[in-house]
Structures are given as C-alpha cells and as structure tokens.
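The next block holds one structure in the form of structure tokens; read it before the comments.
The values are calculated or read from the model by the stated rules, or taken from the named source; none is laboratory data. All values derive from a computational prediction rather than experimental measurement. A quick note on method: Cβ atoms are made from the backbone with ideal geometry, for glycine too, and the neighbour counts reach across all protein chains shown.
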There are 2 protein chains.
Amino acid sequence: MMEISLSACGIYNCLDCRYVANATCPGCAEGNKHLRDAGDKVCAVFACVESRGIASCQECGEDSCVLRRSVESICPVRSRFENTRWWAGRMARALEPRKCAGKEADSKPRMSDRVVNRLRWYLTALDSLAEQGETSVSSWRLAQRVGVNAALIRKDLSRFGEFGTPSFGYRIDYLSQRIAAILGLDEPRGVVWIGAACMRLHLQSVGRLAKHDCGVVAVFDASPEEVGSPVGDFEVLPLEKLADVLAGSRVSAAVLALTGPAAAKAADMLVEQQIKAVLNLSGEMLALPDSVKVCSFDVVGELLELCHYCR
Amino acid sequence: MMEISLSACGIYNCLDCRYVANATCPGCAEGNKHLRDAGDKVCAVFACVESRGIASCQECGEDSCVLRRSVESICPVRSRFENTRWWAGRMARALEPRKCAGKEADSKPRMSDRVVNRLRWYLTALDSLAEQGETSVSSWRLAQRVGVNAALIRKDLSRFGEFGTPSFGYRIDYLSQRIAAILGLDEPRGVVWIGAACMRLHLQSVGRLAKHDCGVVAVFDASPEEVGSPVGDFEVLPLEKLADVLAGSRVSAAVLALTGPAAAKAADMLVEQQIKAVLNLSGEMLALPDSVKVCSFDVVGELLELCHYCR
DNA sequence: TAGATTGTTAATCGATTAACAATC
DNA sequence: TAGATTGTTAATCGATTAACAATC
C-alpha cells in the first residue's frame with residue numbers, strides 16, 4: 001500500500017465540511033475544484049474515512065481508496081476552523097431548538113419497505129456520527145455516509161415532518177430520536193430468540209438491541225441437548241414454554257434460527273402466539289399469513305447469488 | 001388448531017394443477033369458483049402446502065391458513081388423474097426437448113440486482129419441486145411458490161432466451177440448469193470463510209453450496225484462540241495465510257464474519273487480493289471500492305427494522 | 001447581507017403488471 | 001380441435017432525482 005505524507009500531497013475535499021483545501025495532485029499537477037457530488041471525477045480526492053464518497057483521479061488514475069488509511073480522520077478545513085468564532089457560531093446556530101416539531105403522528109402514512117430500510121440506515125449513520133461527537137449534519141453529508149442521494153433523504157424525512165433548519169441541516173440528537181419514534185423504537189419491546197447456537201454467536205451484538213429498549217427476553221431451542229444450557233445470562237428454554245413467556249409480555253418479534261423441519265414447526269407456534277414479525281435465519285422458505293412480517297436471510301442462498309457478481 | 005376431515009369439507013383449488021374440485025364450504029355453504037389469482041378472495045380455498053397463495057373465506061372468515069396442516073400434500077385432482085392417459089400425455093409432452101435454446105450468451109445484458117435476486121429464488125423453488133419428483137412447471141405455479149407475478153417470471157426469463165413451451169410450461173431440469181448458468185453457477189467456484197464461529201454454525205448448510213460447485217475452500221480467523229482449531233474438515237488458518245490460499249485458486253467470494261475493527265482489516269486484505277464479492281455479516285458498515293460487490297446483513301439492525309412492523 | 005440548505009414540486013427513470021397474438 | 005400457456009408489447013405504477021422557491 002502506497003504511503004503518502006500529508007504535507008507533501010493532496011487536494012482534500014472533506015466530506016465533513018465540503019470545503020476544498022488548496023493543493024496540487026502529485027500525479028498530474030492539476031489544481032482543485034469545488035466538488036458537490038460524490039460521483040464527480042476530480043483529481044486526487046481523498047475521502048474522509050468511513051465515507052463512501054471515494055473517487056479516483058481522472059488524470060493519473062490514482063485511486064484514493066488505497067490512500068484512505070494514510071489520511072484517516074484528517075479533515076484539514078475542520079481542524080483549521082474548529083476553534084474560530086465562525087465555526088462556533090455555525091455549530092451553535094445549528095443546535096437552536098426546532099420550531100416545527102413534525103406532522104401529526106396519527107396520519108400514519110403507509111411507508112414502503114424501502115423507506116423503512118433507509119430510515120434504519122439513517123439511524124445507524126446518525127448514531128455513529130453522534131459517537132464521534134458531532135452535533136449536526138446536512139442531508140448531503142448524511143447521504144455520503146449512507147450511500148444515497150441527498151434529495152432522497154430530504155424526501156424521506158419530509159413525509160413525517162420538518163426536522164431540519166434551512167442552511168444548517170439537522171440536529172443529530174433530535175433527528176435520531178424522531179427517526180427512532182417513526183420506526184417504533186420509542187417504546188420498549190422485546191424479542192425472543194429461537195436457536196441457542198445462533199444466539200450464542202450474536203451475544204456481543206445484542207447489546208445494541210438493548211440500547212434501543214428492545215432486548216432479548218428469552219432463548220429457546222428445539223433440541224434437548226441445548227435446553228437447560230446457559231447462553232449469556234439466559235437459560236435455554238424448551239419450545240413448550242414459548243406460550244408462557246409470550247403471554248402478557250411486550251414481545252412482538254422473534255428470531256427463528258433452527259434448521260430443517262423444526263423451523264416450520266416453531267414458526268407455526270409463533271403464528272399461534274400472534275407474533276407480529278419474524279426474522280427467519282433458518283434457510284427454509286416459510287409460508288406464513290400476511291399478518292406476520294417475515295424477513296428471511298439465508299447465508300447459502302445469498303452466497304450463490306453473489307457468484308453472479310464474480311463474472 | 002381446527003381439524004377438518006377431507007371428505008367432509010372443502011373446495012380444493014389446487015395450486016399444483018389449478019383445477020377446482022366440487023364441494024361446499026362448511027361455514028357458509030357457498031359453492032366453488034375457478035380461481036386464477038392468489039389475491040382472489042374465494043370461499044374456503046385450501047392452498048397446497050408450501051404455496052404462499054393462502055386466502056381466507058370472504059363469507060365465514062375461516063382462514064385457510066389454520067387448516068393448512070390437515071390438507072398437507074393433498075392435491076385431489078392430481079391424485080385422481082395421475083394414472084390416466086390424459087395426465088401421462090400431458091406430462092410426456094411437457095418433457096419433449098426444447099427447440100429454441102436461448103439467446104447468445106455474449107450479448108450479456110446487464111441485469112439489476114432485483115433480477116439476480118429473483119432468479120436465485122426461482123432456482124430454489126425449482127430445486128424443491130425437483131426434489132418432490134416434479135418434471136415440469138408453469139410460470140403461474142412457480143409464481144405461487146416464489147410469491148411474485150407470473151408475468152414477471154416470464155419477463156425475467158425471456159431476457160435470456162425462450163425456455164418454455166406454450167401450453168405446457170417449463171421443464172424443471174432444463175430451466176434449472178439454464179438459470180444456474182445465468183447466475184454463473186455453471187463453472188466451479190470457491191469461497192473463503194473468515195470467522196470460525198460463524199462457519200461452525202453453518203456447517204450443515206454449506207453442503208448446499210457444494211451441490212452447486214461452490215464449496216468452502218478454507219476457514220480463517222483473526223483470534224489466536226481459534227487458529228488451529230478444527231471446523232468440520234477444516235483447520236482454522238490465520239489471516240496471514242489469506243494471500244497464499246487465494247493465489248491461483250478459483251476463489252472469488254468471501255464470507256466476512258468477524259466483529260469490530262478486525263472486520264475492516266480483513267476486508268482490506270480481501271480487497272488487496274482482488275476478491276470480487278463479499279458477504280458481510282460483521283455488522284460493520286464497510287466502505288469498499290465499487291469493484292467489489294458487497295452484500296451486508298446485520299441481525300441486530302434487521303431486528304430493529306422489524307420493530308416498525310410490530311405496530 | 002450573501003450563501004447554504006431545507007422542504008417540495010415536477011421530471012425522470014425503472015420496475016411491474018395486464019393483455020394478447022403466437023404457439024403448442 | 002379447443003384450451004392452455006408462452007413470449008412480448010403497451011400501460012401502469014412507484015421510486016428516485018433534479019430543480020428551485022422559501023428559509024435561515
């Protein structure tokens with residue numbers, strides 16, 4: 001991997017602040033341009049880490065991707081202005097409380113699966129921005145992170161209210177909370193996990209669930225060997241206990257990670273218990289009533305699909 | 001669950017043969033209708049098992065779904081005619097070799113991700129039909145299985161050639177083989193699996209990969225505790241061996257199932273080795289060059305998304 | 001103020017479906 | 001033959017994008 005010293009080279013089109021620092025490309029000596037869209041081909045654009053807006057130089061063919069590591073976390077414009085009054089004022093104003101708080105929730109427009117999916121990604125990106133200490137974001141910058149068009153983000157959000165401030169973008173904490181509410185993450189929920197081995201594999205990750213008031217409530221398994229064994233703080237329960245656990249609880253979703261015929265059997269039990277949504281990791285094609293939202297993921301099938309992209 | 005004796009009740013609109021047996025609904029005594037679309041609401045339609053075309057009775061509200069188990073595998077028309085000359089002739093003619101063998105492969109039309117995904121589902125459905133001993137299928141019946149519109153299936157397939165025979169549908173073995181070829185499953189490939197624990201969980205399923213000449217070639221892990229331990233017939237290798245294994249092999253796809261920063265590091269190594277496609281199960285957002293096809297699946301994120309469908 | 005960014009409308013693009021002549 | 005089902009065209013539908021007035 002090519003190592004580039006920061007002082008020697010580079011037009012830094014920072015995806016954080018969108019300003020371009022003056023410099024010259026070592027490959028073709030071309031000067032800088034003001035860049036609006038990630039698709040624009042400019043000379044030696046070094047994208048900030050984690051952004052998907054990576055481009056390669058049109059003239060010398062240098063791919064900014066291989067340079068990524070060496071400019072990690074560097075945003076020259078930001079670091080230059082961060083302590084100025086200009087920057088402080090810019091940030092302060094972006095944090096002023098919003099006037100318009102959003103459309104009436106009872107109108108509840110039906111949104112497509114695609115919108116739901118994108119909202120989830122917006123939330124993830126906002127979370128990671130917040131972790132980095134950011135307080136505001138523009139639709140353009142958020143679009144870079146998620147890999148979609150900025151207009152689409154504004155359109156998606158405008159279905160539910162006016163969450164932004166012209167000229168300053170969106171407050172991250174406020175927007176994050178609103179999207180969570182839209183997705184139904186504002187009230188506590190629980191999920192049951194059927195398939196102890198799979199749960200064991202994801203033990204670390206489920207902490208993120210709990211953060212959103214949506215923790216695992218119980219772990220089940222069909223196999224007698226698993227029942228009674230520990231998984232994290234849980235004891236694996238037999239499927240017969242499913243009805244007892246679900247009765248009167250806030251559980252409305254389930255992870256189904258058994259294999260073979262046991263999967264269909266467990267699915268039927270879940271339907272009987274009026275479960276609302278199932279994440280089907282069993283690899284089986286489930287035929288459940290329309291009242292249940294099913295999301296299926298099958299590693300093997302997905303791998304076969306990927307083969308098409310290997311030429 | 002309500003138990004229904006087959007002799008006592010039912011309008012059987014078989015999704016296998018599309019014929020409707022005469023009978024009367026025990027709930028509302030309404031007669032039968034000839035049903036073309038799964039969306040049609042008719043009285044007590046008992047869908048064949050595995051089909052998604054499940055409807056509930058418009059009059060008495062009886063949901064055929066709860067009856068599903070009791071009519072499992074029953075297709076009255078088929079069983080009545082299976083041994084007749086009519087049926088034999090019907091099946092024999094459907095098996096006649098095709099005249100038109102498909103468009104030139106070199107035209108290679110760019111297909112959208114959606115088409116690729118549907119083709120994969122067609123293949124899965126065809127595989128399961130073949131397992132049941134079926135030899136031919138109509139676009140309508142296949143559509144029932146996969147849960148899409150029949151016209152869409154015909155349109156998808158017609159991009160690549162004429163695989164069917166008017167009035168008799170498609171030969172399952174021929175169509176199956178052609179779709180595999182379109183997806184690039186006709187020549188042997190291999191995948192590397194990074195993340196021993198995840199591989200261990202999917203040990204049974206990967207047999208299906210091998211069936212399509214696309215087996216796991218090696219298993220890697222970043223953690224020193226895993227390296228050297230056995231996973232099925234494999235010994236877990238350290239990531240440092242990645243380049244050696246990939247050099248000169250037919251591997252073009254990888255499963256990436258490490259967590260945290262190790263995932264991004266391994267991803268960079270894969271990119272360096274010119275991998276073509278990555279199935280990213282790490283839960284991290286990867287920023288890889290466009291030359292690599294990435295498919296990401298994050299259990300926790302997906303669960304949060306499902307919360308929206310729980311009201 | 002001047003410049004930046006929102007929310008929203010109109011234009012574009014692509015994907016799905018209905019319909020039907022051609023075929024078996 | 002009559003009836004069924006394909007391959008394909010035209011119509012429909014929905015999703016994305018570009019553009020811009022309103023706003024800060």
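Step by step: first the residues of the stretch A:193-213, then only those that are under 20 Å from the mean Cα position of the chain (by Cα) and part of a helix (DSSP H, G or I), then the one that is nearest to residue A:260 (Cα to Cα). Which residue is that? Top of the filtered list is A:206.
How many residues does the stretch A:202-216 hold that are more than 7 Å from every other protein chain (Cβ to nearest Cβ) and aliphatic (A, V, I, L, M)? Residues flagged as more than 7 Å from every other protein chain (Cβ to nearest Cβ) and aliphatic (A, V, I, L, M) within the stretch A:202-216 amount to 3. Across the stretch B:147-188, the number of residues qualifying as in contact (Cβ under 8 Å) with a residue 60 or more places away in the chain, within 12 Å of DNA strand C (Cβ to nearest atom) and within 14 Å of chain A (Cβ to nearest Cβ) comes to 1. Within the stretch A:115-150, if we keep just the residues that are within 21 Å of residue B:296 (Cα to Cα) and outside any helix (DSSP H, G or I), the residue that is nearest to DNA strand D (Cβ to nearest atom) turns out to be A:149.
Residue-level check: of (1) within 16 Å of DNA strand C (Cβ to nearest atom); (2) modelled with pLDDT of 95 or more, residue A:200 misses just (1).
The set of residues in the stretch A:151-164 being within 10 Å of DNA strand D (Cβ to nearest atom) and surrounded by 18 or more Cβ atoms within 10 Å (Cβ to Cβ) consists of A:153, A:156, A:164. Taken over the stretch A:287-311, residues that are touching a strand residue (DSSP E or B) at 6+ places or on another chain (Cβ under 8 Å), at the interface with another protein chain (Cβ under 7 Å from one of its Cβ atoms) and not in a loop (DSSP other than H, G, I, E, B) amount to 9. The residue of the stretch A:132-145 that is farthest from the other protein chains (Cβ to nearest Cβ), among those that are away from DNA strand C (no atom under 11 Å from the Cβ) and surrounded by 20 or more Cβ atoms within 10 Å (Cβ to Cβ), is A:144.
Residues in the stretch A:189-201 that are farther than 16 Å from residue A:229 by Cα and at the interface with chain B (Cβ under 7 Å from one of its Cβ atoms): A:189, A:191. Looking only at the stretch B:247-270, filter to residues that are touching a Cys at 6+ places or on another chain (Cβ under 8 Å) and of a type in the set (A, V, I, L, M, F, W, C); which one of those is nearest to the other protein chains (Cβ to nearest Cβ)? Per the criteria, the residue is B:253.
Could we say that residue A:194 is surrounded by 19 or more Cβ atoms within 10 Å (Cβ to Cβ) and more than 14 Å from DNA strand C (Cβ to nearest atom) here? Answer is yes for this residue.
Here residue A:278 fulfils each of the conditions (1) touching a strand residue (DSSP E or B) at 6+ places or on another chain (Cβ under 6 Å); (2) without any contact (Cβ under 8 Å) to a residue 40 or more places away in the chain; (3) facing another protein chain (nearest Cβ under 7 Å) apart from (3).
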